[in-house]
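The values are calculated or read from the model by the stated rules, or taken from the named source; none is laboratory data. Note that this is a predicted model, so its numbers are computed, not measured. With ideal geometry, Cβ positions are generated from the backbone for all residues, glycine too; neighbour counts draw on all protein chains shown. Quick note on the areas: whole protein, heavy atoms, side chains included, nothing else; ligands and nucleic acids left out. Shrake-Rupley method; radii C 1.70, N 1.55, O 1.52, S 1.80 Å.
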Amino acid sequence: MIASGLSRKLIRTGRLAPFGTLARGLHHAITSRCWTLPFKHELAARSFSYQRASAANWNKSSNFPAIGDTIYALSTAQGKAGIAVIRISGPACLDVYQALCPSKALPKPRFAHVRSLYGPHSPNEEAIILDSEALVLYFPSPKTVTGEDVLELHVHGGSATVKAVLSALPNCSVTGRIRYAEPGEFTKRAFFNNRLDLAQIESLSDTLSAETEQQRRAAVRGNSGTLGRAYEAWRQQLLLARGEIEALIDFSEDQHFDESESDLLSNVRVQVARMLHSIELHEQGSHRSELLRNGIRIALLGPPNVGKSSLMNIIVGREASIVSGEAGTTRDIVEASLDIRGYLCSFADTAGFRSGQSGASTGAERGVIGAIEEEGIRRAKQKAVDSDVVVVLASVEQGPGGPFIQYDEETLDLAAQAESCLVLINKKESIDGARFNQLSQAFEKMVRARDPKLAAAELVCISCKQAQAATLGMKDPGGIQDVMTSLVGSFDNMTYLPKDLQDLLGVTERQRQLLSKCRRHLEDFMVEAQGEEGGRDADAVLAAEYLRYAADCLARITGRGEFGDVEDVLGVIFEKFCVGK
């Protein structure tokens, strides 16, 4: 209570900036509860003007290139091609066109024109043709990819032609400066001209780097702009709520308000509770999108010689792991990445597990475990913990008492702890079908009784030997395609989102971290604003500050509004972009 009273006093004497700053400027215009309307306009004006101010201040305080220059770059890949696209953006686009296409009329906006491109020359010099048949397109601002005038030159893709046109551009007689673009500079200009927000730019980066179908789909979802609009709407909602709380603090002694402080905080808590639920959904969407973006990690576990390395080589289509009848040939982690039906996956072949307990109960090979093998088993355990999917292999072996299924109990326990797991029985070809069915059913019963997670796991019977000996035309020899189908089913479940939440697949790791910070600030607000329900008086000043912190996190996601380290944030976003984008 003492702290609350002191913070209120500090606000009124102006010693605790920036609380109440906006509201004080409206003091003379406020006569009743109608203060809300002008306050909203004030906030909106600050938000929309800040974007332009940031672009202006950027050039004065950073090493990034000047926004007002005309820039150009090759937007297609280097090397020979049928067509190469050179993009030009800035106020001097038409000057460049007139220099390259002298005596030709200005191009009609958004129409393709076939032109001969000439190198810039003086009246006394003979004109040099750079490309006899180039396609020229002109896009006037503001409805362009950068928000500025844009000129595109579609020239023949030979290296000499491209080099000649690029060399001619800086020699064109233009108003202002023309230069080669920096990496990602076209997209930066789109951001500063409000054509894209940071969330869309991150998705654009993901689109350019997508290697699998699922990565492409996730990137397209994030590029729709839905995420950015949602975050900006949340930020505006928090700004208005904070404004109402600060106005009530500043003017409660001078003006009459329809709501008391406790009523206002209670109403804001209802809005924040809904926002917290939405943020939780976005964080879950980020986890799923990271699986698609970075790849799903799969660990192969099992005793020595059950076929882990053989299965790995069959799946990846090359000899990634050493295959030998000698136990313990895999000591370290062997990893390989591949695309499985649109999903990027990283397989890890691990050292074979051996323990006294599993050996005694299953007939696995006994023997002294050396220091190197022990370290390999330790790494295998850690890889299982770090993986998204654990595939446990067992195999049919021959013992003194007849055939049995060799497995390791610890690998089953590790699989039960994973997000998703799959159990395989290899070497089904080594015994007759009836005996194999008897053994596999008994093994399956044991596995399902061991743990509820294992009870839900799929069990697939395979034969790596049959798969390796397969000839063209054979349908799924060895059951390997059944394994792939089971894995893809697990991937679908791990990355599934309802249709109305598909856009959440575009949430990036950077956005998730900021959403987590925002959530923590909002949770602090909920605790501070609960007042008498929490057994103490609510401090509206601290509650308003928590809303400010939360809104700042949302501003960092989209690049809208005010946040101090704008240059650092944009530097992180654009560092992965190539020249010409």
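Here are some notes:
- Residue satisfying condition, being surrounded by fewer than 21 Cβ atoms within 10 Å (Cβ to Cβ) and either in a helix (DSSP H, G or I) or touching a strand residue (DSSP E or B) at 6+ places or on another chain (Cβ under 9 Å) (or both), within set LEU227, LEU240: LEU240
- Selection status of ARG556, within 20 Å of PHE192 (Cα to Cα), modelled with pLDDT of 90 or more and either open to solvent by less than 50 Å² (accessible area, probe 1.4 Å) or under 22 Å from the mean Cα position of the chain (by Cα) (or both): yes
- Flag for ARG520 being buried (at least 17 other Cβ atoms within 10 Å of the Cβ) and part of a helix (DSSP H, G or I): no
- The condition of being at pLDDT 85 or above, outside any helix (DSSP H, G or I) and not aromatic (Phe, Trp, Tyr) holds for only one of GLU283, GLU211, that being GLU211.
- Qualifying residue in the stretch 477-488 (condition: of a type in the set (A, V, I, L, M), at pLDDT below 95, open to solvent by less than 70 Å² (accessible area, probe 1.4 Å) and over 30 Å from ASN313 (Cβ atoms)): no
- Considering the stretch 119-165, the residues that are touching a Phe, Trp or Tyr at 6+ places or on another chain (Cβ under 8 Å) and assigned to a strand (DSSP E or B) include one that is farthest from LEU100 (Cα to Cα), namely VAL150.
- Residue count, the stretch 270-298 (criterion: among the basic types (Lys, Arg) and farther than 23 Å from THR212 by Cβ): 1
- Within the stretch 559-577, restricting attention to residues that are at pLDDT 65 or above and within 30 Å of SER75 (Cβ to Cβ), the residue that is farthest from the chain's Cα centre (by Cα) is ARG560.
- Flag if LEU248 is buried (at least 20 other Cβ atoms within 10 Å of the Cβ), modelled with pLDDT of 90 or more, more than 24 Å from ALA84 (Cα to Cα) and of a type in the set (A, V, I, L, M): no
- Test: residue in the stretch 494-513 that is among the basic types (Lys, Arg) and buried (at least 16 other Cβ atoms within 10 Å of the Cβ): yes
- Checking each residue in the stretch 446-470 for being in contact (Cβ under 8 Å) with a residue 60 or more places away in the chain, more than 14 Å from VAL391 (Cβ to Cβ) and of a type in the set (A, V, I, L, M, F, W, C) picks out only ALA467.
- Residues that are under 30 Å from ASN294 (Cα atoms), without any contact (Cβ under 8 Å) to a residue 40 or more places away in the chain and among the acidic types (Asp, Glu) occur at least once in the stretch 497-509.
Every residue, every condition in (1) open to solvent by less than 40 Å² (accessible area, probe 1.4 Å); (2) assigned to a loop (DSSP other than H, G, I, E, B); (3) in contact with a Ser or Thr (Cβ under 7 Å, 6 or more places away or on another chain); (4) modelled with pLDDT of 95 or more, yes or no:
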| residue | (1), (2), (3), (4) |
| --- | --- |
| GLU42 | no, no, no, no |
| ARG46 | no, no, no, no |
| SER49 | no, no, no, no |
| ASN57 | no, no, no, no |
| PHE64 | no, yes, no, no |
| GLY68 | no, yes, no, no |
| ILE71 | yes, no, yes, yes |
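- Given (1) open to solvent by 70 Å² or more (accessible area, probe 1.4 Å); (2) in contact with a helix residue (DSSP H, G or I) (Cβ under 8 Å, 6 or more places away or on another chain); (3) outside any loop (DSSP other than H, G, I, E, B), index of the condition LEU106 fails: (3)
- Output for the stretch 109-128, where each listed residue is open to solvent by 50 Å² or more (accessible area, probe 1.4 Å), of a type in the set (A, V, I, L, M, F, W, C) and at pLDDT 95 or above: PHE111, ALA112, VAL114
- Residue match in the stretch 166-174 (condition: farther than 18 Å from ILE86 by Cβ, at pLDDT 90 or above and not hydroxyl-bearing (Ser, Thr, Tyr)): no
- If you go through the stretch 166-187 and keep only what is part of a loop (DSSP other than H, G, I, E, B) and of a type in the set (Val, Ile, Thr), you end up with VAL174, THR175.
- Identity of the residue in the stretch 89-103, open to solvent by 30 Å² or more (accessible area, probe 1.4 Å) and part of a loop (DSSP other than H, G, I, E, B), that ends up modelled with the highest pLDDT: PRO91
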